[in-house]
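Asker: Sharing a structure with you now.
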4 protein chains.
Amino acid sequence: MDDIEVRWLKEEPGSAEILIKGLPGIGHVGKLVAEHMIDELRAEKVAEIYSLHFPPQVIIGPDGVARLARNEIFLHGGKKRIAFLVGDYQSVSPEGHYLLAEAFLDVAERLGVRQIFTLGGYGVGHLVSEPRVLSAVNREELRAGVEDAGAEFNRDEPPGGIIGASGLLLGLSLRRGMDAVCLMGETSGYLVDPRAASGVLAVLSALTGVEVDASQLETRAAEMESIIAKLTEGEKPGDDDALRYIG
Amino acid sequence: MDDIEVRWLKEEPGSAEILIKGLPGIGHVGKLVAEHMIDELRAEKVAEIYSLHFPPQVIIGPDGVARLARNEIFLHGGKKRIAFLVGDYQSVSPEGHYLLAEAFLDVAERLGVRQIFTLGGYGVGHLVSEPRVLSAVNREELRAGVEDAGAEFNRDEPPGGIIGASGLLLGLSLRRGMDAVCLMGETSGYLVDPRAASGVLAVLSALTGVEVDASQLETRAAEMESIIAKLTEGEKPGDDDALRYIG
Amino acid sequence: MDDIEVRWLKEEPGSAEILIKGLPGIGHVGKLVAEHMIDELRAEKVAEIYSLHFPPQVIIGPDGVARLARNEIFLHGGKKRIAFLVGDYQSVSPEGHYLLAEAFLDVAERLGVRQIFTLGGYGVGHLVSEPRVLSAVNREELRAGVEDAGAEFNRDEPPGGIIGASGLLLGLSLRRGMDAVCLMGETSGYLVDPRAASGVLAVLSALTGVEVDASQLETRAAEMESIIAKLTEGEKPGDDDALRYIG
Amino acid sequence: MDDIEVRWLKEEPGSAEILIKGLPGIGHVGKLVAEHMIDELRAEKVAEIYSLHFPPQVIIGPDGVARLARNEIFLHGGKKRIAFLVGDYQSVSPEGHYLLAEAFLDVAERLGVRQIFTLGGYGVGHLVSEPRVLSAVNREELRAGVEDAGAEFNRDEPPGGIIGASGLLLGLSLRRGMDAVCLMGETSGYLVDPRAASGVLAVLSALTGVEVDASQLETRAAEMESIIAKLTEGEKPGDDDALRYIG
């Protein structure tokens, strides 16, 4: 296996104007949004990315079949052609983050991507009833449009910058002539957070003009909030699907 | 020394249909089974594997002679030709796990291996009186046979997948056209566990048709249980061989 | 991106006799001095250094624009031509420190630098009312001049030597025929310390003959001392600019 | 700088029959013995070894001059020609240990070394009044001679083998046709231990036929024991040279 291996599932994978990145991270916010969109839009998988910068681990599917940890590229070929970057893990090493981000951008270039949206969470350490969506961009000209779509730019939020693929795709895309916007849903950071994901999805829809039914995310958010309410009251929650989500 | 160095002890090492992997891990379950089979079948060592991905350490033999940490390949040339992969350590780095797993598969290819069994433990954090054998496979078609042999497939067991060589040999072997089955003996995870090993051996025998006398493993398991019983009652166990096993 | 990438902003960046290094470190002493000099002398940025040895992270500017973590080279073209090395981070790995230090020296050679000053803090673990400036050099002949300028050389201070770029630039520059002096401001190690920075600046001015107005550093030092006084008395300090400095 | 850089100080460094390795480690036992022998025999430095596998750090000499962390080769040209390997640090990474050990053996080969003695400490976690010297060898034939010289071979001592250069030089030297003996002085592991060093020196003298005056080591041992006695009685020891030794 090469350090990073991109396996295209077709010779002609098609093209995409925008790339939406939703890898695991704080509150799994980005992952929730991107996987939800893939489901709703019935996007098709076109590539798998393997790397020895991922944990040395296999994932067991519901059928008992184990497969290597990986990232995946899905494509949606509607009016707006969208590529999605999702997966099990991010890099386990600092250098691996840089090398994978460059590989993701190679994939984006091959698909003809002009604009990147990286989705993530912004952990604040306490429960948030009305989560904001924070943003950062790779060119100042993009800011006004993002604010119009409902996201905020606040000095020192997040403090210290943005770590991992969400950040590096912004930092490394400019030199390839791509626009990039990071959207971060405010979240406690302790739990998978479909409420924060729902907020990010709304901003993303406004920015891209792509509407997807958010009701499934809303249902999950309501379930999660009911679980939290029970936890807060000291009850033990049942074996609920919402808590089995990660994994 | 190269990053990974395979030293064949003969020019014509022979061949094997199946490879059984039993490296150190949870409860040393896989190691116990593979080393027990090597002893009982009087398998012959055909290769040593050295690597700077192993700990920078030598092992001192009972004769006072120090040798590099290593992995080893043994061959049993009976009706069923079996290769065994055993050793002192697994990789100390994430990337090293991937690189060593590929090197193990190169060895398997050279020997003509068609099927791989990776053996390990599944730590549950408490003592288990009747340990199950959990499994994962690299092709769904293998599942029914493994279930018939007495192993179970359970959703989310182990949660998070399988780490290290046991997992990666499953994930990386499919692309080489080899079948692979992981068998994990349920164990507390706190102690060397010959009882769990005994369970894994039974499933493995049913799957491969290779019978080995399990009485030595059973004796060790009984010794270990007697030690645990004494520990539970607060007695100090004697200087028993069973506790000196690791190392 | 290469492992280390030096981006010159002009084809003819100019030249410098001396290089002053002020990267983040203990009490941010070196960073405070170098950035203060860059401001006061209106030095011009001539190069940016990117590396996968820096944290995999972007920094968000006050305009909401994210950029890769980086180091920077500024040039001041007065009577004394000075290059400054400043930046967001040092290497996250031991080897990266060595590789980046060599890259910094390549930059210094290209600029014609003959003498290097590395600035840092020397953490003593308690508040210091009259901080000393400790020093180390890469040639014994440099010592007398540094002592005349007000710095001290004390056996076992700092104990264990000097870690990171401040140290390695001394250790690696001799073989390139450059003189190098490390100046370390005594500091608690717990807080950003403009008082220690002010002391280092005074010694550096005496050594280089370059005078800069220190009043802004003095103001910051006074603010910081007032905050510490309040903290010591148990009051909560206000949302003061001085505490927002890092980041 | 290369990954590992051996700087020979002369074109014809001479030759040596044996190499004695005394790098920092448990109780600094090996370092104490090797540096004591270098002093007593007035051995001459012939090479310096630099590496980015050492900590990214400079050491400040008593003259205030900083130099890179390094290892050194000294040569003693008496009846018995001896090379010494000493230095500030061992590798900070597992792979670096392997790579440096190979580099040390390259140096040994160039000098014509036929036998290696690696010196270290064996930490037992409590004060030892009459420290033993434990040993391991790289060929069983060497064992009897080492026992005659006063060292012991005990099963499971040290448990888990020997880590770092002391171990790897044994493991890697056999394939180069060199004999190797590791001598480990029993020590608490908490303090620099000249008493353990004295025991190792006695065995080493018996093995090599090289006698050096041990009185300085004995004096240090007595000083250290007097300090420990005071510590045990709860007194604060004075600013004694013996405690300033490390660093």
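Asker: Could we say that B:Gly78 is modelled with pLDDT of 95 or more and of a type in the set (Gly, Ala, Ser) here?
Answerer: In short, no.
Asker: Can you pull out every residue in the stretch C:147-166 that is modelled with pLDDT under 95, more than 29 Å from C:Leu99 (Cβ to Cβ) and either more than 7 Å from every other protein chain (Cβ to nearest Cβ) or in contact with a Cys (Cβ under 6 Å, 6 or more places away or on another chain) (or both)?
Answerer: C:Asn154, the sole residue that qualifies.
Asker: A:Glu211 - would you say it is modelled with pLDDT under 95, under 27 Å from A:Glu109 (Cα atoms), open to solvent by 10 Å² or more (accessible area, probe 1.4 Å) and in a loop (DSSP other than H, G, I, E, B)?
Answerer: For A:Glu211, the condition - modelled with pLDDT under 95, under 27 Å from A:Glu109 (Cα atoms), open to solvent by 10 Å² or more (accessible area, probe 1.4 Å) and in a loop (DSSP other than H, G, I, E, B) - is met.
Asker: Now a separate question. Of all residues in the stretch A:117-146, which are surrounded by 18 or more Cβ atoms within 10 Å (Cβ to Cβ), in contact (Cβ under 8 Å) with a residue 12 or more places away in the chain and within 9 Å of chain C (Cβ to nearest Cβ)?
Answerer: A:Ser135, A:Ala136, A:Val137, A:Asn138, A:Leu142, A:Val146 - these are the residues of the stretch A:117-146 that are surrounded by 18 or more Cβ atoms within 10 Å (Cβ to Cβ), in contact (Cβ under 8 Å) with a residue 12 or more places away in the chain and within 9 Å of chain C (Cβ to nearest Cβ).
Asker: Oh, and also: Scanning for something of a type in the set (Phe, Trp, Tyr) and within 19 Å of C:Leu19 (Cβ to Cβ), does the stretch C:102-113 turn up at least one residue?
Answerer: yes
Asker: Across the stretch A:167-189, which residue is nearest to the other protein chains (Cβ to nearest Cβ) among those that are more than 23 Å from A:Gly112 (Cβ to Cβ) and in contact (Cβ under 8 Å) with a residue 60 or more places away in the chain? Steps first, please.
Answerer: To start, the set of residues in the stretch A:167-189 that are more than 23 Å from A:Gly112 (Cβ to Cβ) comprises A:167, A:184-189.
If we keep only those that are in contact (Cβ under 8 Å) with a residue 60 or more places away in the chain as well, we get A:184-189.
Working: A:Met184: 11, A:Gly185: 16, A:Glu186: 15, A:Thr187: 18, A:Ser188: 21, A:Gly189: 17 Å.
It comes out as A:Met184.
Asker: Could I ask something else about it? Given the criteria away from chain C (no Cβ under 14 Å) and within 18 Å of A:Pro13 (Cα to Cα), does A:Leu68 qualify? Walk me through how you get there before you give the answer.
Answerer: On the way: away from chain C (no Cβ under 14 Å): yes; within 18 Å of A:Pro13 (Cα to Cα): no.
No.
Asker: Moving to a separate point now. Keeping to the stretch D:32-53, report how many residues are under 30 Å from C:Ser91 (Cα atoms) and within 17 Å of the chain's Cα centre (by Cα).
Answerer: Summing the residues that are under 30 Å from C:Ser91 (Cα atoms) and within 17 Å of the chain's Cα centre (by Cα) in the stretch D:32-53 gives 3.
Asker: State whether one or more residues within the stretch B:38-58 are part of a helix (DSSP H, G or I), more than 7 Å from chain D (Cβ to nearest Cβ) and either in contact with a helix residue (DSSP H, G or I) (Cβ under 8 Å, 6 or more places away or on another chain) or buried (at least 24 other Cβ atoms within 10 Å of the Cβ) (or both).
Answerer: yes
Asker: Could you run through the stretch B:159-173 and say how many residues are closer than 12 Å to B:Gly30 by Cβ and hydroxyl-bearing (Ser, Thr, Tyr)?
Answerer: Adding up the residues that qualify gives 1.
Asker: Within the stretch B:1-22, work out how many residues are closer than 25 Å to D:Pro94 by Cβ and out of contact with any Asp or Glu (no Cβ under 9 Å at 6 or more places or on another chain).
Answerer: Looking only at that region, the number is 2.
Asker: Moving on to the next point. Please state which one of D:Ala206, D:Ala202, D:Ala242, D:Ala197 is in a helix (DSSP H, G or I), modelled with pLDDT under 95 and of a type outside the set (Val, Ile, Thr).
Answerer: Unique residue meeting the criteria: D:Ala242.
Asker: Given the conditions (1) more than 21 Å from D:Lys31 (Cα to Cα); (2) free of Cβ contacts under 8 Å to residues at least 24 places away in the same chain; (3) open to solvent by 40 Å² or more (accessible area, probe 1.4 Å), which single one is not true for D:Phe153?
Answerer: Evaluating D:Phe153 over (1) more than 21 Å from D:Lys31 (Cα to Cα); (2) free of Cβ contacts under 8 Å to residues at least 24 places away in the same chain; (3) open to solvent by 40 Å² or more (accessible area, probe 1.4 Å) leaves (3) as the failure.
Each row is one residue, and each column tells you yes or no for (1) hydroxyl-bearing (Ser, Thr, Tyr); (2) in contact with a helix residue (DSSP H, G or I) (Cβ under 9 Å, 6 or more places away or on another chain); (3) surrounded by fewer than 24 Cβ atoms within 10 Å (Cβ to Cβ); (4) not in a helix (DSSP H, G or I).
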| position | (1), (2), (3), (4) |
| --- | --- |
| A:Lys10 | no, no, yes, yes |
| A:Ile20 | no, yes, no, yes |
| A:Ala34 | no, no, no, no |
| A:Pro62 | no, no, yes, yes |
| A:Ala66 | no, yes, no, yes |
| A:Leu85 | no, yes, no, yes |
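Asker: If you scan the stretch B:90-116, which residues turn out to be open to solvent by 40 Å² or more (accessible area, probe 1.4 Å), touching a strand residue (DSSP E or B) at 6+ places or on another chain (Cβ under 8 Å) and within 14 Å of chain A (Cβ to nearest Cβ)?
Answerer: Within the stretch B:90-116, B:Leu99, B:Asp106 qualify.
Asker: Okay, moving on. Evaluate the following for C:Gly199: is it open to solvent by 30 Å² or more (accessible area, probe 1.4 Å) and away from every other protein chain (no Cβ under 14 Å)?
Answerer: No, not satisfied.
The values are calculated or read from the model by the stated rules, or taken from the named source; none is laboratory data. No experiment lies behind these values; they were computed from the predicted model shown. Please note: Cβ atoms are built from the backbone with ideal geometry, for glycine as well, and neighbour counts cover all protein chains shown. Side chains are part of the model used for accessible areas, which takes the heavy atoms of the whole protein and leaves out ligands, DNA and RNA. Shrake-Rupley method; radii C 1.70, N 1.55, O 1.52, S 1.80 Å.
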